[in-house]
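> Provided herewith is a single structure, encoded as structure tokens, for subsequent inquiry.
Here, each number is a calculation from the coordinates, and none is a lab measurement. Worth saying up front: this structure is predicted, and the values here are computed from it rather than measured. Neighbour counts run over all protein chains shown; Cβ positions are idealised from the backbone, glycine included.
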Amino acid sequence: MAIQKVMVVGAGQMGSGIAQVCATAGFEVKLNDIKEEFFERGLSTVTKNLSRDVEKGRKTEEEKEAILNRITKSLSLEDAHDVDIVIEAAIENMEIKQSIFKQLDEIAPEHAILATNTSSLPITEIAAVTKRPEKVIGMHFMNPVPVMKLVEVIRGLATTDEVFKTVEQMAIDLGKTPVEVNDFPGFVSNRVLLPMINEAIYALYEGVATKEAIDTVMKLGMNHPMGPLQLADFIGLDTCLYIMEILHEGLGDDKYRPCPLLRKYVAAGWLGKKTGRGFYTYE
Ligand code: CAA
């Protein structure tokens, strides 16, 4: 199946990045959010990223304008009536995602694929509220979307091979490397990454080393681009806690228990870069 028209639901950090890479690859993109200001904020992030590409000589002004012209505003899910795929990147909440998928299932054409960028919620459970579970799939992009090469493509229990192959090809067309993963808590990325981050928080909590020392060990010792505590701030400490809770609940083992220090920071509203304070402080 050839994909031409895309709807991205959610114009936040992930949704705007997904819209940017889709429009850059030549797809027509409807960028949807519930409020005009959310759409405008997402579009301004895309504009800023593309302007940097122009400054660095990676794109011309004309190419930038053509990409921006391929992104149109949507404030209603009804706009999904003529798209080939919807990529949902709304808030990480099962009830909200299920409600969005239920509506999309009614609105989108019969052939349309319904994908979710969830970082850890079960694809099968989201698919179950639709009448097309065979066309529901996980398409998990990494942050920052324009930079990171990976897309985890997650099969729900009912996802067909045809749908999987279409999405795999779309990820390649976006300049990404798709990796096939089955539907288990945290998939692969967050099953491996988040326990490492949680362990780094335990190391800080237990006084093994300072935050700077922990991050330096992982950056210089393991060649990670960011230390785990800096990365936690970048992901958002509320998101980190949420994913650890999903791993803990879904896999049962105590090794996934969220660190009490992580809970405390989230309770204090120290959510990382987005609130100006997490393990580090930000201007
Ligand atoms: N959007 C677009 N481009 C961005 C960007 C953003 N938000 N942030 C950085 N970049 C670009 C920069 O413009 C720069 O490109 P140019 O210099 O060529 O213009 C390039 O990326 C490198 O940026 P910097 O020099 O500013 O900084 P850096 O070398 O430290 O790279 C980084 C920044 C790419 C974010 C790097 O630190 C990194 O890879 N960090 C780890 C990111 C990571 O692990 N992401 C996964 C998070 S987990 C996740 O997403 C899954 C989940 O479900 C929670």
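> Treating the angle as unsigned and between 0 and 90°, give the value, to the nearest 10°, between the Cα long axis of helix 13-24 and the longest Cα principal axis of the chain.
40 degrees
> Around residue 27, with a cut-off of 14 angstrom between Cβ atoms, what is the net charge of the other residues, counting Lys and Arg +1 and Asp and Glu -1?
Working: positive: 5, 30, 70, 176; negative: 28, 82, 84, 173.
In short, 0.
> Moving on to the next point. Relative to the longest principal axis of the chain, what angle (0 to 90°, nearest 10) does the C-alpha long axis of helix 211-222 take?
Helix 211-222 sits roughly 70 degrees off the main axis of the chain.
> Under a point-charge model restricted to the Cβ atoms of Lys and Arg (+1) and Asp and Glu (-1), what is the dipole moment magnitude of segment 5-182 relative to its Cα centre, in debye to the nearest 20?
440 debye
> Quick one: net charge of residue 208's neighbours, Cβ under 14 Å, K/R +1, D/E -1?
-3
> When the helix-only estimate is applied to the chain (DSSP H runs of n ≥ 4, each -39,500 (n - 2.57), divided by the residue count), what is the mean residue ellipticity at 222 nm, nearest 500 deg cm²/dmol? Can you show the working numbers first?
On the way: 11 runs with 134 residues, N = 283.
Helices in the chain give a 222 nm mean residue ellipticity of -15000 deg cm²/dmol.
> Then there is this: If you line up the long axis of helix 94-107 against the longest principal axis of the chain, both from Cα atoms, how many degrees apart are they, to the nearest 10?
Helix 94-107 sits at roughly 10 degrees to that axis.
> Which order do the peptides 86-95, 134-143 come out in when sorted by mean C-beta neighbours inside 10 angstrom, highest first?
Values: 86-95: 19.0, 134-143: 23.2.
Ranked by mean Cβ neighbours within 10 Å, highest first: 134-143, 86-95.
> Indicate the gyration tensor shape class of segment 163-283 (rounded, prolate or oblate), computed on the Cα atoms with a ≥ b ≥ c the square roots of the eigenvalues: a/c under 1.5 is rounded; otherwise a/b larger than b/c is prolate and the rest oblate.
Because a/c hits 1.5 or more and a/b exceeds b/c, segment 163-283 counts as prolate.
> On to the next question. In whole Å, what is the distance between the alpha-carbon centres of segment 152-187 and segment 210-249?
Cα centres, segment 152-187 to segment 210-249: 26 Å.
> How high is the relative contact order of the chain, in percent, counting Cα pairs under 8 Å that sit 6 or more residues apart?
Rounded, it is 13 percent for the chain.
> Could the peptides 3-12, 274-283 be put in order, highest first, of the mean number of other beta-carbon atoms found within 10 Å of their residues?
3-12, 274-283
> Considering only the other residues whose Cβ falls under 12 Å of the Cβ of residue 277, what net charge follows from Lys and Arg at +1 and Asp and Glu at -1?
0
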